[in-house]
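Everything on this sheet refers to the single structure shown next.
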Amino acid sequence: MSFSLDELLVSAYENFPEAENRPVIGITANYSDIDATVRDRYYKQIINAGGVPVIIPPIADTAIIADTLEKVDGILLTGGGDYNPLWCGEEPSPKLHNINKERDAAELILTRLAYNKQIPVLGICRGIQTLAMALGGHVAQDISSQATIKHSQDADREEATHSVTIEEGSMLHGIFFQTANTQHPTPNTLYVNSFHHQAVDNPGSLFRATAHSKDGIIEAIESTEYKNVMGVQWHPEWLGKDGLPLFKWLVDSAKEYKNVGELHSRILTLDTHCDTPMFFHEGVDFTKRDSHILVDLHKMTDGRQDATIMVAYLPQPKEGQEFYENINPNFPKRGTSITPSTYADSIFDIIESTVAKAPQYIGIARTSADLYANKQMGKKSIMLGIENGLAIEHSLDKLRHFADRGIVYMTLCHNGDNDICDSARGCNTHNGVSEFGEQVIKEMNRLGIMVDMSHAGEKSFYDALEISEKPIVCSHSNSRILCDHPRNLTDDQLRAIAAKGGVVHTTFYHGFLQKTGEADILDGIKHLEHAIDIMGIDHVGIGTDFDGDGGVCGMRDASDIQQFTRQLLRRRYSESDIAKIWGGNWLRVMEEVQKVK
């Protein structure tokens, strides 16, 4: 080794630029006596895998942890002492040892926040237990009564001492067995080392067990929500090249996460339909993280989502039913004085009040320029829309009133015919768009309001396409050929709306994605890609229908927005195409509609 600093820096100066922009992996530190420490094997494996290791000290300060997570692209949860069972409401087993409340709290907070932000995580030994403890699973304090093989070896740490069986089709199986590996005699058996007496015995709903030892002990878990989050019970940092694939997976996942974040910083991400405002009368505060709603300021931030169009949703009364009978029971002063128009106004009042309380974080937008200005200032944007033309109460004056309030679109109907047009789930009252509905569409053109035909019957759709002088939109509609539902659009409808310059946005309501079984994010991708095949890339987008029963596995809420981008990148969509899907196409149409004489 040279002791000349200039000589040591030669390679750095010659290989300009010096930084390679590798993903940064945060490694949790252990306590040893009075010091925070970490085994060199962890960070050396991260370096071997192509990452940059940094050590995260065990500090249970939420502000420090939140800031730390803004700087890293992946998390390695390391091994160490036992968890205090009081975290899950249990008394300690006599076999418990080496607990530390400072490290426990720090890592539980870190894990929960990292999961919310979609940051890739690999948990090792204690780390797999951290995942379970933080995210709804359970850890057995001592496995001696269940174990029939030795799980705390006396052999050298670099020596494998027992086997685990890995579930085919899991991420873990893909990591180790996707390519031929002559070191493994069977396509799902891995030989590992073992140093533990605690283990996950219930992974919880967010994880599934993907590897077991021969005595049934859970040896690995991974996300059930398409997230890059995984835990293993053994210690791959000691297994050299045999353990390296796990660290390579973490670094590659972190690189993917980093790429998604950088892409989101350059493009605008707009969800064109969410129903969150229908819960505002229940006292929900959009500025706080709230498990009762799928879209709030925190979830939008975690998902790196820039903007959403929040609608005032008005349920269509059944025959003989008054409007006020079917609205949120928490609506103040509920009674016969409540009309569709006043109800919609009340929704917009709450949105405006919410924005006024947090103007440094949120802004109302009416135009593309507003959206980009808010993004530049680091603010989220809310645009206003109406779902169900019932809101205008058969009055063009009230339509003009809502135009003045700043709505960017109105969905002409919902689940039932109204005075404007027939619904996809209606009774063919008008045989399409009514005479009044024709006036409404023409006035919407004049006012610069987008005509949204989601929920409309097929005849209504084609009537509106003919009547409107501007392109029409479907803010949240899927493909009927993939899911035979009257709310979904036929291929002919898709072609027709594209031919007139309009857009159709894929939605994540499970019933519009597939008829049977549980839909997931990949089903949404199928609908999007079918629309692209039929219409072209310039006529598609995303309208989640979050809080309107939208949300599926892998795309549960606004924090999962970047999950969809990750899927698009995996399918080799270009940045310009992703920008079109995430709002660019919609903004093109909106700008055209808003060009009024």
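In the range 396-406, what residues are in contact (Cβ under 8 Å) with a residue 12 or more places away in the chain and open to solvent by 10 Å² or more (accessible area, probe 1.4 Å)? Matches in the range 396-406: LEU396, LYS398, ARG400, HIS401, ALA403, ARG405. If only residues of the range 46-71 that are in contact (Cβ under 8 Å) with a residue 60 or more places away in the chain and in a loop (DSSP other than H, G, I, E, B) are counted, the one that is surrounded by the fewest Cβ atoms within 10 Å (Cβ to Cβ) is GLY50. Can you work out which of the residues in the range 431-441 that are in contact with a helix residue (DSSP H, G or I) (Cβ under 7 Å, 6 or more places away or on another chain) and not hydrophobic (A, V, I, L, M, F, W, C) is farthest from LEU314 (Cα to Cα)? So the residue we want is ASN431.
Report, by residue number, each residue of the range 347-385 that is among the polar types (S, T, N, Q) and buried (at least 19 other Cβ atoms within 10 Å of the Cβ).
Residues of the range 347-385 that are among the polar types (S, T, N, Q), as a first pass: 353-354, 360, 367-368, 374, 376, 381.
Hits for the range 347-385 are THR354, ASN374, SER381.
Filtering GLY79, GLY74 for residues that are touching a His at 6+ places or on another chain (Cβ under 7 Å) and open to solvent by less than 50 Å² (accessible area, probe 1.4 Å) leaves a single hit, GLY79.
Exactly one residue out of THR224, THR165, THR161, THR210 is open to solvent by less than 10 Å² (accessible area, probe 1.4 Å), touching a residue at least 12 places away in the same chain (Cβ under 8 Å) and in contact with a Ser or Thr (Cβ under 8 Å, 6 or more places away or on another chain): that is THR210. Residues of the range 111-129 that are under 19 Å from MET300 (Cα atoms) and surrounded by 22 or more Cβ atoms within 10 Å (Cβ to Cβ): THR111, ALA114, GLN118, ILE119, PRO120.
The residue that is farthest from TRP586 (Cα to Cα), counting only those in the range 408-425 that are assigned to a strand (DSSP E or B) and in contact with a Phe, Trp or Tyr (Cβ under 8 Å, 6 or more places away or on another chain), is HIS414.
Restricting attention to the range 431-447, the residues that are over 23 Å from THR507 (Cβ atoms), open to solvent by 10 Å² or more (accessible area, probe 1.4 Å) and either touching a residue at least 24 places away in the same chain (Cβ under 8 Å) or part of a helix (DSSP H, G or I) (or both) total 10. What do you reckon, is PRO187 modelled with pLDDT under 90, closer than 24 Å to LYS248 by Cβ and open to solvent by 20 Å² or more (accessible area, probe 1.4 Å)? Taking the combined requirement at face value, the residue satisfies it. Checking each residue of the range 330-345 against the condition of being under 25 Å from the mean Cα position of the chain (by Cα), open to solvent by less than 40 Å² (accessible area, probe 1.4 Å) and either closer than 30 Å to GLY584 by Cα or not polar (S, T, N, Q) (or both) gives no match. Does ILE65 satisfy the condition of being in contact with a Gly (Cβ under 8 Å, 6 or more places away or on another chain) and of a type outside the set (D, E, K, R)? Criteria not met by ILE65.
The values are calculated or read from the model by the stated rules, or taken from the named source; none is laboratory data. Keep in mind it's a predicted model, so treat the numbers as computed, not measured. Methodologically, a virtual Cβ is constructed for each residue, glycine included, from the backbone with ideal geometry; neighbour enumeration extends over all protein chains shown. Just the protein is used for accessible areas: all its heavy atoms, side chains included, with ligands, DNA and RNA removed. Shrake-Rupley method; radii C 1.70, N 1.55, O 1.52, S 1.80 Å.
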